[in-house]
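A short write-up of the structure that comes next.
Bear in mind that the values in this text are calculations on the coordinates, not laboratory data. A quick note: this is a predicted structure, and the numbers were derived from the prediction, not measured. All Cβ positions, even for glycine, are placed from backbone atoms using ideal geometry, and neighbour counts span all protein chains on display.
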Amino acid sequence: MKLLEKLETYKTSEKIALKCENEKLSYKELWEYSENLANYLSKNLKKNEPLVVYGHKNPYMIVCFLACVKSGHTYCPVDTSISPERLNDIVNTVKPEIVLSCIDKEVDGFNTLTINDIMKISKENKKDCDKNNYIKEQDIFYIIFTSGSTGTPKGVEISYESLNNFIKWISTLDAKKNGQKIYLNQAPFSFDLSVMDLYLSLYNEGELILIEKDIQSDYSKLFDRFKSNLINTWVSTPSFVDICLASEDFNDKLLPELDTFLFCGEILTKKTAEMLLKKFPKAKVYNTYGPTESTVAVTSIEITQEIIEKYDALPVGKPKEGTEILIDNEEMIIVGDTVSNGYFKNPVLTNEKFSIINSQRAYRTGDKGFFLDDLLFYSGRIDNQIKLNGYRIELEDIENNMMRVDGVSKVAVLPKYEEDKVKYLTAYCIYTKEISSKLKAIAEIKEELKNYIPSYMVPKKIVFIEKIPTNNNGKIDRKKLMELGDN
Ligand code: AMP
């Protein structure tokens, strides 16, 4: 059954669908409110073009997502953690007729419905939306923007059909099949990992616990939230569970109902998996792999003690049904029924990365990989894309934006690795402005940079150097720079 059809079967359910600190919505409310808002959008908007939904972990964001697709509009989620400039970039690329802002603030220069308008329309405009307006199988369900090497983000288009294929598969990994289910939502809705928990939960009439950003860095609040919401299915980046594992109290006494861990988005280390198996002996731990361009994830494997002992690094598993992974010159190519149609309004990049293989859509991932014992292993990148705390970042994206800072005439950004994972970023730059205090200059650069890129992309260390080493091709010699250290 397709997602919207399934949700309709819960339309009288009083079960909680979504819950954050100060707000919760039942399935009945979610269905009704999204119908009402969809009806309003159908009546008041001229075109069936994408709409931006702006906000952070508010259940009404999901009302907006559903209202968009019920009224035939693709939605594009944007989290508030993004820089003002990047918000502008995205909104100016999408050019939505209206921005649905789930905070009490308009988006400058655009027609905006703010949270108060949204709540009012959702509750008072009691009228169902005409089902003929619902999004169709081949239509784009959502667009998620991700870091682009040119310095501006690119929008990945995912169709309703791809999303349904993904949900069907990911549901098979969920251990608890009956009874009340509680799911963890860690990732912001602008990051495609959230698609895993959001639609897995909604499809299975689960209760999704939205954990706000400020709570994620505060153990006492975070663990209190866990105590009052006994999660069954955990969906997060490995980096987030590592933060939790740093506390002794993170174990099956805190979360006795936890039976499934689903990880995606970056390397799951053997150390993390081993600690989880010890602290949660009854739970299953899954490593899944995939890019936004192929609807969250396309491979999976249950990580057991046996697997940990057998391999040097953990495998990412076997491709799901409907997906094939080819290896071309070490690079993984994903072929199958969840591959995106391409990048929004970007035919050049779409042609570069996407193609048709055996009558199916195919995506060149830029990830290196190999098969061993029928299992896929991820072995790094062919380019300068990295993952930092689960966030996907093109190093050139930071470099291009740093060049906009007054005084920066050349720059190279390098990741610092610890145990195969990026710990932080260092920017080596030639700075031509006169400096009275190095610390002050660095603080100023970081501050200015925050206007252009999200704060998670701002390098932790900035090192001033006189010359950036280049290789024979005139390209930055990253190896040589790495050898310089960053102290
Ligand atoms: P994103 O589009 O943000 O989900 O990032 C996709 C990229 O994250 C992939 O192309 C990989 O480079 C990396 N990635 C995703 N899952 C894994 C995994 N299980 N292990 C290692 N890297 C991963």
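In terms of other Cβ atoms within 10 Å, Glu394, Glu466, Glu49 run from fewest to most in the order Glu466, Glu49, Glu394.
In the chain, what % of DSSP beta bridges are antiparallel (nearest 5)? Write out the running numbers ahead of the final one.
On the way: 52 of 83 bridges.
Among the beta bridges of the chain, antiparallel pairing accounts for roughly 65 percent.
Which order results if Leu113, Leu45, Leu439 are arranged by neighbouring Cβ count within 10 Å, fewest first? Spell out each step's value before the answer.
On the way: Leu113 22, Leu45 17, Leu439 8.
Ranking Leu113, Leu45, Leu439 by Cβ neighbours within 10 Å, fewest first, gives Leu439, Leu45, Leu113.
Relative to the current alpha-carbon distance between Ile327 and Glu306, full extension at 0.36 nm per residue lengthens the span by 4.9 nm. Panel order for Asp397, Asp406, Asp312, by other beta carbons found within 10 Å of each beta carbon, from fewest to most: Asp312, Asp406, Asp397. The GluC sites (Glu not before Pro) of region 1-105 that DSSP puts in a loop, and whose beta carbon has at most 11 other beta carbons within 10 Å, are Glu14. Each Lys and Arg Cβ is given +1 and each Asp and Glu Cβ -1; about its Cα centre, region 246-346 then shows a dipole of about 260 debye. Taking a ≥ b ≥ c as the square roots of the eigenvalues of the alpha-carbon gyration tensor, region 71-165 is classed oblate because a/c is 1.5 or more while a/b is no larger than b/c.
If R0 equals 30 Å, the separation of the Cβ atoms of Asn116 and Lys136 corresponds to a calculated FRET efficiency of about 0.40. Residues of region 20-56 with amide nitrogen under 12 Å from the 7 Å Cα-to-Cβ point of Lys221? Under cut-off, by backbone N: 21-22.
Structure note, pairs Lys105/Lys446; Lys2/Lys345; Lys6/Lys181; Lys2/Lys387; Lys181/Lys423: Cα-Cα distances above 24 angstrom occur for Lys105/Lys446; Lys2/Lys345; Lys2/Lys387; Lys181/Lys423. Note on region 313-469: with charges restricted to the Cβ of Lys and Arg (+1) and Asp and Glu (-1), its dipole about the Cα centre is near 640 debye.
Using only side-chain charges placed at the Cβ, +1 for Lys and Arg and -1 for Asp and Glu, the dipole size of the chain relative to its Cα centre rounds to 360 debye.
Counted residue by residue at 0.36 nm each, then reduced by the alpha carbon distance between them, the extension gain from Asn125 to Ile98 reaches 7.9 nm. Loop-located trypsin sites (Lys or Arg not before Pro) in region 28-128 (DSSP state not H, G, I, E or B) with no more than 15 neighbouring Cβ atoms inside 10 Å: Lys46, Lys47, Lys105, Lys126, Lys127. Among the trypsin sites (Lys or Arg not before Pro) in region 369-415, those located in a DSSP loop and surrounded by at most 15 other Cβ atoms within 10 Å of their own Cβ are Arg404. Extension gain for the segment Lys43 to Asp214, taken as residue separation times 0.36 nm less the Cα-Cα distance, is 57.8 nm to one decimal. Partners of Lys131 within straight-line reach, counting aspartates and glutamates whose Cα lies under 12 Å from its Cα and excluding those fewer than 8 residues away in the same chain: Glu5, Glu8, Glu35.
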